[in-house]
Amino acid sequence: MSIEVDVYKKIRYLHEHEGKSQRDIAKLLGISRNTVKKYCEGSLVPWERQGISGRQRYVVTDEVMEFIKTCLATD
């Protein structure tokens, strides 16, 4: 789960400055304790990308490349 930066800041503030437990923060903000744990530990930040999208790149075969060259040559 990815959260907004303002929620991240609230989690960190409540944990570090007010000494709230992860369970209390989760109840207060209405989010999962696991999510609160990740952000309290600082292992994740919401503004970093979390990997790839899963899309595969298009593959241009030799046949397709030859077709494109032929089309360009005839114009």
query = Out of all the residues in the stretch 44-62, is one or more in a helix (DSSP H, G or I) and either exposed (fewer than 13 other Cβ atoms within 10 Å of the Cβ) or modelled with pLDDT under 90 (or both)?
reply = yes
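If we keep just the residues of the stretch 1-43 that are in a loop (DSSP other than H, G, I, E, B) and modelled with pLDDT of 90 or more, which is surrounded by the most Cβ atoms within 10 Å (Cβ to Cβ)?
Looking at the filtered set, the residue picked out is Lys20.
The values are calculated or read from the model by the stated rules, or taken from the named source; none is laboratory data. Because the structure is a prediction, the values reported are computed rather than measured. Methodologically, a virtual Cβ is constructed for each residue, glycine included, from the backbone with ideal geometry; neighbour enumeration extends over all protein chains shown.
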